[in-house]
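A.B. asks: What follows is a single structure, and I will ask about it in a moment.
The values are calculated or read from the model by the stated rules, or taken from the named source; none is laboratory data. Everything quoted here is computed from the prediction, not taken from an experiment. Every residue, glycine among them, receives a Cβ derived from its backbone with ideal geometry; neighbour counts consider all protein chains shown. All accessible areas refer to the heavy atoms of the entire protein, side chains included, with ligands and DNA or RNA removed. Shrake-Rupley method; radii C 1.70, N 1.55, O 1.52, S 1.80 Å.
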Amino acid sequence: MDDIVFKLIESEKNRQKEGLELIPSENYVSSAVLSAMGSVLTNKYSEGYPSFKGISPNEKLWDEAKISEEILPNYRYYGGQVNVDRIERLAISRAMKLFHADHANVQPHSGANANEAVYFAWCEPGDKILAMNLAHGGHLTHGSPVTRSAKIYNFIAYGTNEDGDIDYDELERLALSEKPKIILVGYSAFMKVPDFDRVAKIGNKIGALLMADMAHVAGLIAGGVHENPLDHGFHVMTTTTHKTLRGPRGGLILSRGNVASPLKKPEKTIENIPILIDRAVFPGTQGGPLEHVIAAKAVAFGEALKPEFKEYAQNIVKNAKALASRLIKNGFVLQGGGTENHLVLVNVKESYGVSGKMFEKALDKVGLTLNANALPCDGAAAFRPSGVRLGTPAITTRGMGVHEMEQIADWMKEIAEICVEIGDEESLDDKKYVKDFETVHKEVVKLAMKFPLPKGTV
Ligand SMILES: *Cc1c(COP(=O)(O)O)cnc(C)c1O
């Protein structure tokens, strides 16, 4: 045992138990997911892919008993794949079933890797990609100048309008004039359900690849409370597996099209997208897959296919709406006026004259964890963001409901008022206010302890 590391892990367990995780991109996995991740599968090299026979859409679909027994010729570079092949096939078939896809690549190490592989599969250096403005809710991997992708491809941004919805007219105008190779709908801070049909219609006019990055809402899609872009003419959907989907830290790419052997170099057509993506993930952008994580993905997808997950997804949205309306009642201004998904973006500056960063730090003191977030009004280079972003996936996993959401919104009001009294961020640690924070912190811990983390994980 490595005493130092394990002591720190124990201390992190306590932090997770005693605090309330409001970061909308985090969650608590089950002990089954955790066990698969911590298994001997980490010892195995398995560059390449298993057979797609029996899990491609035109064959007898998703017979899990068969998948877990059958040993088929694979496309791997190493021997000893007998178990790994069957695990990865199981993960692929479950992902396809969850998201109505013709193909799934379960190997991306992260959401960022998944996006980069899709760009690499479809674009040449210099090609244009139309994606959401980072300051309006888009993600770093959608063209932020600090990324490698932005140095290779030419990103163009559309934004949101005053109602906090996508500015579809602007998107259409830019699509028609710039003729991007990819139109990307995806975001990390956007509270509406996109009109995928409308974007698909625009994309089809110019023959663009329609890509959705559903990293944040994949669990809501899996649970049937959010539209699935693949049901609305989109060709590719990328996602993380660790946010609302409640699986291990990782990425996933789902697509529509023909599934074929990854060994044949295909022509760049929309129909060939699945195979272009497989080749772009490996050997294009990654080496050996993390089969222990892929096993944990298979477990998480299995959990998401169960009826209980539908209920979970419904509760995430119900809780987010309850949180939003109580926050509004408590004097907070919300971006977009509320939420249709799992997250809420609060304009703290406009509400209480407090910066997002100061509010984040103050809430941290009482065990409420969230993050400061730029708002469209801040512009792209926001050093002092005006907002904070919070969401309900993790606290809903703990079993909290509307009553607890209201309590959290009330604590946020209390903390905002303390911040107003303190005035500036530098004085947050002033001894004068220690007691105020301590009082609320004790209440937060008390509530947290009433809603334990998933059994067997801490
Ligand atoms: C979280 C997120 C990602 C990146 O995922 P990582 O696993 O952190 O690389 C990509 N796109 C969107 C929209 C995200 O929210």
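A.B. asks: Considering only residues that are touching an Asp or Glu at 6+ places or on another chain (Cβ under 9 Å) and either surrounded by fewer than 24 Cβ atoms within 10 Å (Cβ to Cβ) or of a type in the set (D, E, K, R) (or both), which ones fall in the range 247-258?
C.D. replies: Residues satisfying the conditions are R256, G257, N258.
A.B. asks: Another question, then. Could you give every pair whose Cβ atoms fall below 9 Å, whose first residue belongs to the range 174-203 and is more than 16 Å from the ligand (Cβ to nearest atom), and whose second residue is open to solvent by 60 Å² or more (accessible area, probe 1.4 Å) and part of a helix (DSSP H, G or I), counting only separations of at least 6 or pairs across chains?
C.D. replies: From residues that are more than 16 Å from the ligand (Cβ to nearest atom), the pairs are A175/K205; L176/K205; I202/L176.
A.B. asks: Whether any residue in the range 358-373 is open to solvent by 20 Å² or more (accessible area, probe 1.4 Å) and of a type in the set (F, W, Y) is what I want to check.
C.D. replies: No, that holds for no residue.
A.B. asks: Let me ask another. With respect to E340, is the statement that it is within 25 Å of A135 (Cα to Cα) and surrounded by fewer than 24 Cβ atoms within 10 Å (Cβ to Cβ) true?
C.D. replies: Taking the combined requirement at face value, the residue satisfies it.
A.B. asks: Output the number of residues of the range 108-128 satisfying the condition of being within 16 Å of the ligand (Cβ to nearest atom) and touching a strand residue (DSSP E or B) at 6+ places or on another chain (Cβ under 8 Å).
C.D. replies: 11
A.B. asks: Filter the range 443-458 down to the residues that are β-branched (V, I, T) and part of a helix (DSSP H, G or I), then identify the one that is farthest from M412 (Cα to Cα).
C.D. replies: V445
A.B. asks: Please verify whether G219 is under 21 Å from P393 (Cα atoms) and surrounded by fewer than 17 Cβ atoms within 10 Å (Cβ to Cβ), treating the condition exactly as stated.
C.D. replies: no
A.B. asks: Being touching a residue at least 40 places away in the same chain (Cβ under 8 Å) and part of a loop (DSSP other than H, G, I, E, B) narrows it down to one residue among G284, G302, G331; which is it?
C.D. replies: Just one listed residue meets the conditions, G331.
A.B. asks: Got at least one residue in the range 159-171 being within 20 Å of A114 (Cβ to Cβ), without any contact (Cβ under 8 Å) to a residue 60 or more places away in the chain and surrounded by fewer than 23 Cβ atoms within 10 Å (Cβ to Cβ)?
C.D. replies: Checked the range 159-171: no residue is within 20 Å of A114 (Cβ to Cβ), without any contact (Cβ under 8 Å) to a residue 60 or more places away in the chain and surrounded by fewer than 23 Cβ atoms within 10 Å (Cβ to Cβ).
A.B. asks: Restricting attention to the range 134-148, which residues are more than 16 Å from A112 (Cα to Cα) and more than 13 Å from the ligand (Cβ to nearest atom)?
C.D. replies: Within the range 134-148, just A135 meets the criteria.
A.B. asks: Just to check your reading of the model, which residue among A222, A215, A260 is at negative phi, in contact with a Lys or Arg (Cβ under 8 Å, 6 or more places away or on another chain) and among the small types (G, A, S)?
C.D. replies: Every option except A215 fails the conditions.
A.B. asks: A follow-up question, please. Using beta carbons and a limit of 6 Å, which pairs, at least six apart or on different chains, have the first residue in the range 234-248 and within 8 Å of the ligand (Cβ to nearest atom) and the second one among the basic types (K, R)?
C.D. replies: Final answer for the pair search is H242/R249.
A.B. asks: Look through the range 110-128, keep the residues that are assigned to a loop (DSSP other than H, G, I, E, B) and more than 20 Å from L254 (Cα to Cα), and return whichever of them is least open to solvent (accessible area, probe 1.4 Å).
C.D. replies: D127
A.B. asks: Okay, moving on. Answer yes or no as to whether V259 is under 15 Å from N105 (Cα atoms) and either within 16 Å of the ligand (Cβ to nearest atom) or in contact with a Cys (Cβ under 8 Å, 6 or more places away or on another chain) (or both).
C.D. replies: So V259 does not fit the description; no.
A.B. asks: For A131, indicate whether it is within 16 Å of the ligand (Cβ to nearest atom), open to solvent by less than 10 Å² (accessible area, probe 1.4 Å) and in the same structural domain as L230 (by TED's automatic domain parsing).
C.D. replies: Spelling it out, A131 is indeed within 16 Å of the ligand (Cβ to nearest atom), open to solvent by less than 10 Å² (accessible area, probe 1.4 Å) and in the same structural domain as L230 (by TED's automatic domain parsing).
A.B. asks: Another question, if that's okay. How many of the residues in the range 180-205 are touching a Leu at 6+ places or on another chain (Cβ under 7 Å) and among the hydroxyl-bearing types (S, T, Y)?
C.D. replies: 0
A.B. asks: Determine which member of the set K7, K53, K66 is away from the ligand (no atom under 16 Å from the Cβ) and over 23 Å from H103 (Cα atoms).
C.D. replies: Result of the check over K7, K53, K66: K7.
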